[in-house]
Amino acid sequence: MVRRTKEEAFETRQRIIDAAQQCFHEKGVSRASLTDIAQAAGVTRGAIYWHFQDKADLLDALFQRIHMPLEALSEATRNPEELHPLELFRELLTEVFRRVESDPTNRQVHEIIFLKCEFTDEPCGPKKHLQAMRQEHDNQVLTTLRLAVARGELPADLDMELALLCLHSFIVGVINQWLMVPTRISLSARAGDVAAAALDMLKLSPAMRTGKAAL
């Protein structure tokens, strides 16, 4: 009985996430209400609050949904024992770009985040939630970059803060621009080239150097 109850709770949670994805994509995050989501999921608002605090929490669940399949590869890029962290990071970036086009759920969630989410200064709104997620992501990438420097895959005098800013801007910009005009290029077909271009920027750009060994 306990097992069945847990299974039912999990199934309800998944239905709510599915409904949130549908409603956010159709109406936008600000216009989709929890009542809309509850009706789409076939549950009460109380059921939503049992699993999620608010719409920002639902956005986080959607974000985790598209990143979970890549979590093992992401963790591998930060493994202190890994000999080629930058090569694994290139594979990770390639998969990130490829899935935006090839995976319908991945694409829809990115469309919600980039095209259908209003960023206001509400204390617990989507903006604050996504800022926290981005900070966590930046910390993870910074670990990978430092490992790559230690392994000689990136220059010892790489300007870490500038590299992090430009790399993040590159990734976000590519996804955003492709979502705006998806007919321009097949992001799935060119994912490897796009990922390589991002890392070439870190390896080869003179503007990315501090002139002294990175700490």
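The values are calculated or read from the model by the stated rules, or taken from the named source; none is laboratory data. Because the structure is predicted, anything quoted here is derived from the model rather than measured. Backbone-built Cβ (ideal geometry, glycine too); neighbour counts: all protein chains shown. These accessible areas exclude ligands, DNA and RNA; they are computed on the full protein's heavy atoms, side chains included. Shrake-Rupley method; radii C 1.70, N 1.55, O 1.52, S 1.80 Å.
Taking the residues in segment 27-50 that are at pLDDT below 95 and within 18 Å of residue 113 (Cβ to Cβ) as candidates, determine which candidate is most open to solvent (accessible area, probe 1.4 Å).
For segment 27-50, the residue satisfying everything is 31.
Checking residue 172 against (1) at pLDDT 95 or above; (2) of a type in the set (A, V, I, L, M, F, W, C); (3) within 16 Å of the chain's Cα centre (by Cα), which test does it fail?
With (1) at pLDDT 95 or above; (2) of a type in the set (A, V, I, L, M, F, W, C); (3) within 16 Å of the chain's Cα centre (by Cα) applied to residue 172, the lone miss is (1).
Could we say that residue 61 is assigned to a helix (DSSP H, G or I) and either touching an Asp or Glu at 6+ places or on another chain (Cβ under 6 Å) or at pLDDT 95 or above (or both) here? Walk me through it before giving the result.
Numbers: assigned to a helix (DSSP H, G or I): yes; either touching an Asp or Glu at 6+ places or on another chain (Cβ under 6 Å) or at pLDDT 95 or above (or both): no.
Taking the combined requirement at face value, the residue does not satisfy it.
Looking at segment 177-205, I want the residues that are in the same structural domain as residue 149 (by the TED database) and under 18 Å from residue 99 (Cβ atoms) and have a partner that is of a type in the set (Asp, Glu) and open to solvent by less than 50 Å² (accessible area, probe 1.4 Å) with Cβ atoms under 7 Å, at least 6 apart or on another chain. Which pairs are those?
Here the result reads 179/111, each pair linking segment 177-205 to a residue that is of a type in the set (Asp, Glu) and open to solvent by less than 50 Å² (accessible area, probe 1.4 Å).
Can you name the condition, by its number, that residue 35 falls short on among (1) assigned by the TED database to the domain that holds residue 10; (2) outside any helix (DSSP H, G or I)?
So residue 35 meets the others, but not (2).
Which condition does residue 97 not pass, out of (1) open to solvent by less than 30 Å² (accessible area, probe 1.4 Å); (2) out of contact with any Asp or Glu (no Cβ under 9 Å at 6 or more places or on another chain); (3) at pLDDT below 90; (4) of a type outside the set (Lys, Arg), if it passes all the others?
Here residue 97 clears every test but (3).
Are any of the residues in segment 64-87 assigned to a helix (DSSP H, G or I), open to solvent by 10 Å² or more (accessible area, probe 1.4 Å) and touching a residue at least 60 places away in the same chain (Cβ under 8 Å)?
The answer is yes, given that some residue of segment 64-87 is assigned to a helix (DSSP H, G or I), open to solvent by 10 Å² or more (accessible area, probe 1.4 Å) and touching a residue at least 60 places away in the same chain (Cβ under 8 Å).
Could you please find all residues in segment 8-26 being of a type in the set (Phe, Trp, Tyr) and within 15 Å of residue 60 (Cβ to Cβ)?
24
Among the residues of segment 1-49, write down those that are charged (D, E, K, R) and in contact with a Leu (Cβ under 9 Å, 6 or more places away or on another chain).
45
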